[in-house]
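A.B. asks: To start, I am sharing the structure in question, which I have written as structure tokens.
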Amino acid sequence: MTFNNPIDRRGTQSSKWDKMEQLYGVSPKDGLAMWTADSDFSTAPCVIDAVRQAADHGVFGYSWMHPEYLNAIQWWMKTRHDWEIDSDWILTSQGLGNAIALCLDVWSEPGDGVVIFPPVYHEFANKVNKAGRRVVECPLVREGNSYALDLDDAQSRLDGSEKVLLWCSPQNPSGRVWTADELRAVADFARRNGLILVADEIHHDLVYPGNTFVPMDVAAPDARPWTVTLTAASKTFNIAGQRTGNMIIPDTKLRADMRQRQISLDYDPSALGVAMITAAYSPEGAKWVDEQIAHLDANRKLFDAAIADIPGLWSMPLQATYLAWVDFSGTGMDHAEFVKRLRDDARIATSSGPGFGSGGETFERFNLATQHARVEEACKRLKAAFGDLQ
Ligand SMILES: Cc1ncc(COP(=O)(O)O)c(C=O)c1O
């Protein structure tokens, strides 16, 4: 089974492994990298073949968003997400971090408020701050084993100076898959407050059995005049290093505004990124993704069972994503204390919970997109590092 092939990424210029010591004080010699969101798998064979063909050809000249690329994206959205998109709606970006930054640039000014629903992907707040905009946190509320929206509370936190809403679906770090009704409520909230709704759907493909992801544009097509959807093959196929993502913008005026900004920045997509995505969004790619989901499903079950066996630790049941959200509040330790145990005793590098904003204070995020053996090893180490808390 390919997803369990042992792969050593150390010394391959992988930021997840080769920058771990510098960033976390966990040496790759004996440490486990479970932080940044890329996978330890090689990508789908059809994607590797496309890169091989390009290498064999040996010419890496200019390319463009050619019809095969646009058709592949349309095919994928239709077959995997029951979402009909027009090829005209598609713009590329240099990954979705870049797309988020561009959206802030185009649809807000320095000092404007940007609404986020924490705990949420830490780069939302980072990008808002770096762009000189103002983070407006509207925290999710814990409801049973998951998070829910409180849009009345959110409304009370706005002062009218907000311009953009950054929305994460499925949600990183909780793995929550939003319902169509929830999505419509968010779209309506954006409308009432005059916000451009940026729906970041980068994790849309890695959804576990029993859950159905609904694209914002399918749930709320009426919201097109104020909605931009961000998608990418990067998490799904582990090709984030190619830095190629998509912005799907049905509204002519919004799309023209974004395209104009990209022209002024002289942005064009990477030929190799385009070739890889064209190959990925195919029946062969789809089959590989289904196999990956089964592998990740087994990993998360293994991980959750082990965490449930350690008093004081609790893992949020994932509906999507390979990112486990673990609550350490039951240990009675503060964040520095449990992270010290993770670093010094378990030798695991994880993503810092407080970085995800309000609600993340007692959490850490663990990346489970790796071989079963590594998840088992992580579980063993966690048990040893926190096993004294009976
Ligand atoms: C929700 C979300 N958006 C965007 C990104 C970044 O995407 P990219 O690597 O394409 O910049 C990530 C990466 O973890 C993510 O989780």
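A.B. asks: Across segment 135-160, what is the number of residues that are among the small types (Gly, Ala, Ser) and either touching a Cys at 6+ places or on another chain (Cβ under 6 Å) or not assigned by TED's automatic domain parsing to the domain that holds Glu182 (or both)?
C.D. replies: Qualifying residue count, segment 135-160: 1.
A.B. asks: Can you give me the number of residues within segment 76-133 that are among the hydrophobic types (A, V, I, L, M, F, W, C), assigned to a loop (DSSP other than H, G, I, E, B), closer than 21 Å to His204 by Cα and away from the ligand (no atom under 13 Å from the Cβ)?
C.D. replies: Residues that pass the stated criteria total 2.
A.B. asks: Let me ask something else. Taking the stated definitions as given, is Ser108 in the same structural domain as Gln242 (by TED's automatic domain parsing), among the small types (Gly, Ala, Ser) and closer than 24 Å to Gly285 by Cα?
C.D. replies: So Ser108 fails the test.
A.B. asks: Follow-up question, since we're still on this one. Please find, within segment 23-55, the residue that is surrounded by the fewest Cβ atoms within 10 Å (Cβ to Cβ) out of those that are of a type in the set (Asp, Glu) and in the same structural domain as Asp345 (by TED's automatic domain parsing).
C.D. replies: Asp30
A.B. asks: Now for a separate question. So in segment 69-126, with the set limited to residues that are of a type in the set (S, T, N, Q) and over 20 Å from Asp257 (Cα atoms), which one is nearest to the chain's Cα centre (by Cα)?
C.D. replies: Asn126
A.B. asks: Based on this model, can you work out whether Gly175 counts as surrounded by fewer than 24 Cβ atoms within 10 Å (Cβ to Cβ) and either within 13 Å of the ligand (Cβ to nearest atom) or outside any helix (DSSP H, G or I) (or both)?
C.D. replies: Considered against the rule, which asks whether it is surrounded by fewer than 24 Cβ atoms within 10 Å (Cβ to Cβ) and either within 13 Å of the ligand (Cβ to nearest atom) or outside any helix (DSSP H, G or I) (or both), Gly175 comes out as no.
A.B. asks: Say we look at segment 198-246 and pick out the residues that are of a type in the set (Phe, Trp, Tyr) and more than 14 Å from the ligand (Cβ to nearest atom); which of these is surrounded by the most Cβ atoms within 10 Å (Cβ to Cβ)?
C.D. replies: Across segment 198-246, the extreme among qualifying residues is Trp226.
A.B. asks: Condition test on Thr278, is it within 17 Å of the chain's Cα centre (by Cα) and closer than 30 Å to Val59 by Cβ?
C.D. replies: So Thr278 does not fit the description; no.
A.B. asks: Also, quick follow-up: Being surrounded by 15 or more Cβ atoms within 10 Å (Cβ to Cβ) and in contact with a strand residue (DSSP E or B) (Cβ under 8 Å, 6 or more places away or on another chain) is the requirement here; does Gly111 meet it?
C.D. replies: no
A.B. asks: Select from segment 136-149 the residues that are more than 16 Å from the ligand (Cβ to nearest atom) and touching a residue at least 40 places away in the same chain (Cβ under 8 Å) and list them in ascending order.
C.D. replies: Step one: list which residues in segment 136-149 are more than 16 Å from the ligand (Cβ to nearest atom), which gives 136-139, 141-146, 148-149.
Correct list: Glu137, Pro139, Arg142, Asn145, Ser146.
The values are calculated or read from the model by the stated rules, or taken from the named source; none is laboratory data. As the structure is a prediction and not an experimental result, all values here were calculated from the model. In this analysis, Cβ positions are derived from the backbone assuming ideal geometry, glycine residues included, and neighbour counts consider all displayed protein chains.
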